[in-house]
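Asks: Quick one: the structure is below, and I'll ask about it shortly.
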Amino acid sequence: MHLLQVSQLQKRYGDHEVVQNIDFHINQVECVALLGPNGAGKTTIIKMILGINKLTGGQILLNGKRHDQMRKFIGYLPQHPTFYPWMTGKELLTFMGGLSNIERKILEQRINELLELVGLGQVENQLIGTYSGGMKQRLGIAQALIHQPKLLIMDEPVSALDPLGRRDILELLKVIKQKSTILFSTHILHDAEELCDKMLIINKGQLLVNGSVNQIIEQTQKPIFIIQAPQLIDWTHQLMNEDIVESIELTGNAAKVRVKNIEQGRDWLLSNIINLHLPIQKFELVQESLEEIFLRMVKSF
Amino acid sequence: MNRFTVLLQKEWLDAKRSYKLLWLPVIFMFLGILQPLSSFYLPEILKMAGGLPDGMKFTLPELTASEVLASALTDQFDQLGLIVIVMATMGIIASDKNNGMLAFILTRNTTLVEYLLSKLLGNAVLIAGSIFLGFLSAAFYTFYLYQAVSVARIAAGLGVYYIWCLFMLTFVITIGALLTRTPAIALLSIFVLIFLKTITLLEGGFQILNPAYLSNQAVSIITSGNVLPHFFITMTVSVLLIIFCLLFATSYLSKKELPSM
């Protein structure tokens, strides 16, 4: 049985379908990234799993059980954790832990362990209002872990941080993921690639790809021709109208051309270049990188 | 640890850190002292302000100690005091709701009922303390400047008056659950509560359904030792209204998709 099973998940606001029939599952001790551009529906999916937003269709099962009893098994870090600025870090953890019915003695021990883990031991008695963004994020992770949840859900845990804070949190998550099951959303491919076993690429409320990084690359990778020559603008404009060309992208003096059929495309491109006497400096056939796959999927959609 | 206790402790800490625990009782003590002092010294204040023109006669009513004390409720607590209570409680639901903390708390094992009851109980205790201290100050100065009033009457009157305060609190909590902006919550609450209070002047049969009439009942208990007619009906209606407000707030919030962070 999967730890989390989401089937035919739907969310509609009036006529606007924010999430359309999404299916996926998460296994024990797996780290899954929900990847997509802003507004893709990531946060809505997360909030439906948490029960903050109501489903308009489909179902969500945790260990095969229904939605209502799930809260105690999930730890959640919101996108913009504000908490109570007038509480100290330690008080917030005591409060959140208490709401999860943890016994006081066990709770105190857990709090000390977690403050150690996230590196907030020094500032545990300072007011949250005085914390930096990175510190709030660490506190948010600590409170999400306090009741030893089966599943840790994080909404954009590193997006709002500076490069240093982001590195810190990523390293912390690498430690946490050894023992926990994690689902986190991000719009940054690099973070997902670095941390996760599995990716769910989402755009406009639909699931585009679902699988491990290697699977995604194997299944969806397409070859690209890279043609480098001075003044390619006119040529790329002409190519856009050709049937055989799927897409074309010009950066500097290099054009990335995707074609529908690799053999025909190569012959056609080469003969076209010869006919036009294009002074090419480079003609290369490469495989898409993960980022190119991601961008292609998100754009073409 | 019990979740309700955890929520209550949070309310307490909030009141402490925001100094509500200090300023609310202080304001009520000030209001309590004001009434006996101003009643007692009014003739002298008038004299100091230049006195009355020659030939004009002005007789101030002779107030008894219990009347002075009772007017602390109607002239101070029910006016400025009411506004202060609304101001102190207008944000208790709205702020948690708007910044996403309420939705966040509910991702734990808590329920809306526990949450709202903790808000109600926490603030009810705070208001009880403030009113008690305020009235204690009023009684102290009344005893000192006028004469002693039966403590049993004072306690009974204050107890009845407190139910009206509980209604105010529950009403503000309900409006807070319905609306988002705190100024709107404050204005609507003050308007409705003052309206209820003002129509008690009209007397008439429908007053028995008006929680604000409990304030008149309290005055009657303090001044005469007797309740006005239909006391128990008004009491029951008020308690039922409090329960209804809470149920309404709970069901409204549970149907709504709360803002989240």
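The values are calculated or read from the model by the stated rules, or taken from the named source; none is laboratory data. Given the structure is predicted, the values throughout are model-derived calculations rather than measurements. In this analysis, Cβ positions are derived from the backbone assuming ideal geometry, glycine residues included, and neighbour counts consider all displayed protein chains.
So that you can scan it fast, the table gives a plain yes or no per residue for (1) of a type in the set (D, E, K, R); (2) closer than 20 Å to A:V6 by Cβ:
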| position | (1), (2) |
| --- | --- |
| A:K150 | yes, yes |
| A:E156 | yes, yes |
| A:R166 | yes, no |
| A:E171 | yes, no |
| A:I182 | no, yes |
| A:C196 | no, yes |
| A:L200 | no, yes |
| A:K204 | yes, yes |
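Asks: Check the stretch B:69-92 and report whether any residue there is within 14 Å of chain A (Cβ to nearest Cβ) and in contact (Cβ under 8 Å) with a residue 60 or more places away in the chain.
Replies: Yes: the stretch B:69-92 contains one or more residues that are within 14 Å of chain A (Cβ to nearest Cβ) and in contact (Cβ under 8 Å) with a residue 60 or more places away in the chain.
Asks: Please find, within the stretch B:93-112, the residue that is surrounded by the fewest Cβ atoms within 10 Å (Cβ to Cβ) out of those that are among the aliphatic types (A, V, I, L, M) and within 14 Å of another protein chain (Cβ to nearest Cβ).
Replies: B:L112
Asks: I want to confirm something. Restricting to the stretch A:44-59 and keeping residues that are within 28 Å of A:L93 (Cα to Cα) and of a type in the set (A, V, I, L, M), which single residue is farthest from the other protein chains (Cβ to nearest Cβ)?
Replies: Here the answer is A:I45.
Asks: When the stretch A:94-123 is examined, which residues are found to be at the interface with chain B (Cβ under 8 Å from one of its Cβ atoms) and charged (D, E, K, R)?
Replies: Matches in the stretch A:94-123: A:E103, A:R104.
Asks: Here is a further query. If you scan the stretch B:1-56, which residues turn out to be outside any helix (DSSP H, G or I) and away from every other protein chain (no Cβ under 11 Å)?
Replies: B:A49, B:G50, B:G51, B:L52, B:P53, B:D54, B:G55, B:M56
Asks: Tell me the residue from A:E249, A:E291 that is closer than 28 Å to A:L207 by Cα and exposed (fewer than 12 other Cβ atoms within 10 Å of the Cβ), please.
Replies: Sole residue among the options that is closer than 28 Å to A:L207 by Cα and exposed (fewer than 12 other Cβ atoms within 10 Å of the Cβ): A:E291.
Asks: Continuing with the same structure: Criterion first (in contact with a helix residue (DSSP H, G or I) (Cβ under 9 Å, 6 or more places away or on another chain), modelled with pLDDT of 95 or more, crowded, with 18+ Cβ neighbours inside 10 Å and under 19 Å from B:L241 (Cα atoms)) does B:G134 satisfy it?
Replies: no
Asks: Residues that are closer than 18 Å to B:G91 by Cβ: which helices (runs of 4 or more DSSP H) entirely in the stretch B:166-261 hold 3 or more of them?
Replies: Result: B:182-199, B:231-255.
Asks: Here's a follow-up. Here's a check for you: in the stretch A:178-194, which residue that is at pLDDT 90 or above and not polar (S, T, N, Q) is surrounded by the fewest Cβ atoms within 10 Å (Cβ to Cβ)?
Replies: My answer is A:I182.
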